[in-house]
């Protein structure tokens, strides 16, 4: 692992030659923590920062300060870039039961609050890997929300994320699907057929404003391995074409064999952690596996992870996935006080009701004659494998990204914003140091998705999406839950404004 470095910049200045005129916001006396790359954070003291028209226009230690409409004295506080969660799903309320009489009401309320939920936990940019430009517009139209970006999802016919859809409906529901040899193309019009051949879906998503593309390497879960896969040569060609268009490619894959296919296709971002080691799922503890089996697993896992490091494939651990599945399966799960920052009491009450626990019951099925405690232990074992993979990558210098996959399934355990913070805490528990954690949540994500010209660090000309913290995130991960102000496009908003209690009162 490369040695982590903190660069103390007592006298450095990022200022431009802007005239000393009145500005919208000036922040004085904060300790600025400015991520440079995955190993470095500049610590800048005795500076002030000026914001005008939603952009950072000066960062300086000059004694001459511009007049400002608002001045924040941030003595003893820490200024960092706003966080980016690069794996969220913005369309549907976690755990929604469509047959519930309250389904429409709950979905509407969720859509209205989810943007504020993310902002409460300091997330000022989100990337939805399976959405459209229309979806982004709808998300930001529901009130204060992070800046939102999307990837064009490219499933194949009957493949993962397109199962159960007839070919005639595929274009409507998956506008960027990838056509393959053998598809029933006669079910589409000629123009639709053309729209999905070769690089055409990439060209269209780029034109629509996508910041990335997403491929799926998933042949099934558990004993099932019958889901059709994208042809490997097709995948390689799509990645090459996408990269020529400056579109990074994400890959859904979480098993050894599927991640091997993804890295062989030269994808840019691994959208899940490597937690599925294809181990015999018969023992609640890895310690019970035969020594020869563990040796093979360790060798195969390491080979995939080493390739990720060698090719510098950015890595989203998405520890939230298995954590949320384990907890929704656990009959003893209760909603902690943190959930009451993002969920109204009425929603928690519904989740705790029989209709609301439908997915919990579904997760408890198909295990055979074992106890609930044993089911949870098996899922926690898979979770721990994801932590081990993350730790190995971190120690060997991989590029890590903050991506929570909220929600990864219809599980009420995974909630917007809160799951992002929980992802940070789980990465910390897996051994990722606090410098790397800040970089993963800011500059690494911005660079991986080619939006670093606007986000990811504190620099003149960048969007003024910032967080003012009461404690130091280079000393404790808990600092990400100690936010004083969320600064969104230059507007400083007290964090409490986004608490569910404040949202309920404002209705």
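We did not get these values from a lab; they are worked out from the coordinates using the rules stated. This one's a predicted model, so the numbers in the text were calculated from it and none came from an experiment. So basically every Cβ, Gly included, is an ideal-geometry build from the backbone, and we count neighbours across all protein chains shown.
Summary table below
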item: For the stretch 61-173: relative contact order, % (alpha-carbon pairs under 8 angstrom, 6 or more apart); result: 23 percent
item: Viscosity 1.002 mPa s, temperature 20 °C, Stokes-Einstein D of the stretch 202-262 from Kirkwood C-alpha radius, µm²/s; result: 172 µm²/s
item: Computed P(r) (all Cα pairs; the stretch 454-507; 5 Å bins; percent); result: 4, 19, 18, 22, 21, 10, 5, 1
item: Cα-based convex hull volume of the stretch 357-451 per residue, rounded to whole Å³; result: 116 Å³
item: Residues 171, 194, sorted so that the one with the fewest Cβ neighbours within 10 Å comes first; result: 194, 171
item: Cα shape, the stretch 47-165, gyration tensor, a/c 1.5 rule; result: prolate
item: Overall form of the stretch 412-507 per C-alpha gyration tensor (a/c, 1.5; a/b vs b/c); result: oblate
item: FRET efficiency estimate (nearest 0.05) - Cβ-Cβ, residue 502 to residue 28, R0 30 angstrom; result: 0.65
item: Beta bridges per DSSP with both ends in the chain, % antiparallel, nearest 5; result: 45 percent
item: Ellipticity estimate at 222 nm from DSSP helix runs (n ≥ 4, -39,500 (n - 2.57)) divided over the chain, nearest 500; result: -10000 deg cm²/dmol
item: Protection-proxy order for peptides 206-214, 298-306, each taking the mean of Cβ atoms within 10 Å per residue, highest first; result: 206-214, 298-306
item: Surface/4 of the Cα convex hull for the chain, nm²; result: 24.7 nm²
item: Mean shadow area of the stretch 123-226 over all directions, Cα convex hull, nm²; result: 8.0 nm²
item: Anisotropy class of the stretch 434-483 from Cα gyration tensor, a/c 1.5 cut; result: oblate
item: Relative frequency of Cα-Cα separations exceeding 19 Å in the stretch 57-116, percent; result: 60 percent
item: Protection proxy ranking, peptides 146-159, 370-383, 449-462, 309-322, average beta carbon neighbours within 10 Å, highest first; result: 146-159, 309-322, 449-462, 370-383
